[in-house]
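Scroll down for the structure; my scribbles are underneath it.
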Amino acid sequence: FWRSGLGKWDGFLELNDVAVLLFTSEFQLHLPGGPYPFPAPAATAFVVASAEVMLPIFLALGLATRVAALALLAMAIVIQLTVPDGWPIHLTWAAMALGLITWGAGRLSLDHWLVSPGGSAR
């Protein structure tokens, strides 16, 4: 997600033309009766590119881990609907996200430090 997200930006809060073009003409949702174009492609590209950069940072820090993993799981599901042949890697992403949602980030995370009384380990 991180590398994909970084590739969509030209500068701070400045999406490159390719990112918007992908969501405008290339990417489509493969749902029954479809495929269907993404709604509001420029806004969708911005939200996706932002999430692809921010959510991996949250995971690396162990901050809001379960929420970040849930958001990445949702993204993996939408990516699966966009690229149906990519299920082996998408299934791997989903499994990793489900593990983080279930068990959390662990003791070496900001989540653990923030929840612990006084910031000390339990």
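Values in this text are rule-based calculations from the coordinates and carry no lab data. These figures come from a predicted structure and were not determined experimentally. In this analysis, Cβ positions are derived from the backbone assuming ideal geometry, glycine residues included, and neighbour counts consider all displayed protein chains.
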Worksheet entry | Contacts under 9 angstrom Cβ, first residue in the stretch 1-15 being over 16 Å from Leu59 (Cα atoms) and without any contact (Cβ under 8 Å) to a residue 60 or more places away in the chain, partner in a strand (DSSP E or B) and aliphatic (A, V, I, L, M), 6 or more apart | Lys8/Leu15; Trp9/Leu15
Worksheet item: What pairs come up if the first residue lies in the stretch 78-93 and is free of Cβ contacts under 8 Å to residues at least 60 places away in the same chain, the second is polar (S, T, N, Q), and their beta carbons are under 7 Å apart, counting only those six or more places apart or on different chains?
Response: Thr82/Gln28; Gly86/Gln80; Trp87/Gln80; His90/Gln80
Practice prompt. Please enumerate the residues belonging to the stretch 54-63 that are assigned to a loop (DSSP other than H, G, I, E, B) and surrounded by 19 or more Cβ atoms within 10 Å (Cβ to Cβ).
Written response: Gly62
Worksheet entry | Single match in Thr44, Thr82, Thr102 (criterion: over 27 Å from Asp10 (Cβ atoms) and hydroxyl-bearing (Ser, Thr, Tyr)) | Thr102
Worksheet item: Among Ala51, Ala74, which is of a type outside the set (Asp, Glu), assigned to a helix (DSSP H, G or I), closer than 30 Å to Asp111 by Cβ and in contact (Cβ under 8 Å) with a residue 40 or more places away in the chain?
Response: Ala51
Practice prompt. Considering (1) surrounded by fewer than 17 Cβ atoms within 10 Å (Cβ to Cβ); (2) more than 12 Å from the chain's Cα centre (by Cα); (3) closer than 18 Å to Ser4 by Cα, say which one Gly99 fails and leave the rest.
Written response: (3)
Response to the item:
Just one listed residue, out of Val47, Val78, is farther than 18 Å from Ile101 by Cβ and of a type in the set (A, V, I, L, M, F, W, C), and it is Val47
Discussion item. Can you say whether Ala42 is of a type in the set (A, V, I, L, M), assigned to a helix (DSSP H, G or I) and surrounded by 15 or more Cβ atoms within 10 Å (Cβ to Cβ), as far as the supplied structure shows?
Written reply: no
Discussion item. For the stretch 26-39, give me the residue count where each residue is surrounded by 11 or more Cβ atoms within 10 Å (Cβ to Cβ) and either polar (S, T, N, Q) or in a loop (DSSP other than H, G, I, E, B) (or both).
Written reply: 5
